[in-house]
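Undergrad: One structure is given below, represented as structure tokens, and several questions about it will come after.
Every read-out reported here was derived from the displayed coordinates using simple, explicitly stated rules and does not represent laboratory data. Small disclaimer: the values here were computed from a predicted structure and weren't measured. Please note: Cβ atoms are built from the backbone with ideal geometry, for glycine as well, and neighbour counts cover all protein chains shown.
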């Protein structure tokens, strides 16, 4: 009898132990699923690797960003943005999500840190107008003049119309919806008379083809965004000489030229596409930026480019490009901010198509042979690029490839050209690289900066390739 009781107790113990292990396993699986669900869809990656690549770690996979809170049943987290929405010097997290898998409506959730609980909590959530995820930017900006940063969410709907949703920040740290509109265009304009910006909405055309411009400004007495003016105009968004077709790719093909902004002589800027790396290149007198194009959306003569400075960056910049004619575009920028401080490098404005080649040809009669000696020296560029011009040895390192050879600088077809011919270690000729040369000089005439634009020489003369130029600083 005692043996039977002992056997039963052992069976109970084993059963309890097995049940405990199963419970631990199920809890671990549940926690893993919750953790995976907190990774926004934008940050999820599928990695295809061969056996030889197993030791390598994908940088994109290593930088996966989790949401600060767990999704509720049915929530699908799409994107997270760490941003200081309330000027408390601590980052909150804005989460863009869907409430159901089949829904086209997007919601915004603000996760704020609770010092008492030591964790992030779901602080506020609301529906927004924009429905295209890549187009959405979130900006903290005071539009009510009370000194508190309100929350502006801009983006595109399913028809590529612009949307703007504004949530006013309340004194109790909550938010309330004060504006939600859709239009052909929506712009915030700073006022000269007050610190409160006005909102100008170009409405969607009605049945007769009329559009109207509505201007809204915050009314401090009635505490709402009041429509202060409305001017009906006939729709004139169709420009016969603008980009053909109706898709974004046709627009990009039309845009694939050299554009120059020269309205301000002290801030001459240029813009063009690098089709090889799918990037937008902006150049000023003191700065150059290369923005990787993530997505392109088109609405008539307007193009929306969502760009990032790098693949790992999460700070998007929206370039809105309006075709004003065959050779004129207008560029405006919406930034994804991390605080209420806005970036402005002076890129916005009107650009005109610029024939870089024609100007050089027009000036070729006044060009003299360059003084090769002024170019001699050592130059350092981005991404470990090196250029050494010397009487005895010339070195060029681009994109991690080392070349030695012969270098000449001369004028050809109106251009100042660097002609680099690689001589391999066995004495055979290797690559021949051609660049159009631009220089920045100090007051005494010495070269400070060298800009090399990839080019090629053909039957029609020198042709500049629209690729990212190489910028070198002279070090010796």
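Undergrad: Given 0.36 nm per residue, what is the gain on full extension from residue 429 to residue 473 after removing their alpha carbon distance, in nm?
TA: On the way: separation 44, 0.36 × 44 = 15.84 nm, distance 2.80 nm.
Contour length minus Cα-Cα distance gives 13.0 nm.
Undergrad: Provide the three semi-axes, in whole Å and in decreasing order, of the ellipsoid equivalent to the stretch 67-234 as defined by the square roots of 5 times the Cα gyration tensor eigenvalues.
TA: Numbers: eigenvalues 175, 93, 24 Å².
After diagonalising the Cα gyration tensor, the semi-axes are 30, 22, 11 Å.
Undergrad: Another one. With a cut-off of 8 Å between alpha carbons and a minimum separation of six or more residues, what is the relative contact order of the stretch 67-234 in percent? Working shown, then result.
TA: Values: 388 pairs, mean separation 19.5, N = 168.
Result for the stretch 67-234 is 12 percent.
Undergrad: Another question about this same structure. Using the Cα atoms of the stretch 79-135, I'd like the radius of gyration and the largest Cα-Cα distance, Dmax, both in angstrom.
TA: Rg then Dmax for the stretch 79-135, in Å: 12.6, 37.
Undergrad: What ranking, highest mean first, results for peptides 393-404, 14-25 when packing means the other Cβ atoms within 10 Å averaged over each residue? Could the numbers behind the result be given before it?
TA: Working: 393-404: 14.7, 14-25: 10.0.
Final packing ranking: 393-404, 14-25.
Undergrad: Here's something else I'd like to know. Calculate, in nm to one decimal, what residue 146 and residue 6 gain on full extension: separation in residues at 0.36 nm each, minus their alpha carbon distance. Intermediate values should be presented prior to the final figure.
TA: Working: separation 140, 0.36 × 140 = 50.40 nm, distance 7.67 nm.
Extending this stretch completely gives an extra 42.7 nm.
Undergrad: So how compact is the stretch 423-467: Cα radius of gyration and Dmax in angstrom?
TA: Here Rg and the maximum Cα pair distance are 14.9, 43 Å.
Undergrad: With the cut-off at 1.5 for a/c, could you classify the stretch 363-474 from its C-alpha gyration tensor as rounded, prolate or oblate?
TA: Rounded shape, in that the Cα axes give a/c under 1.5.
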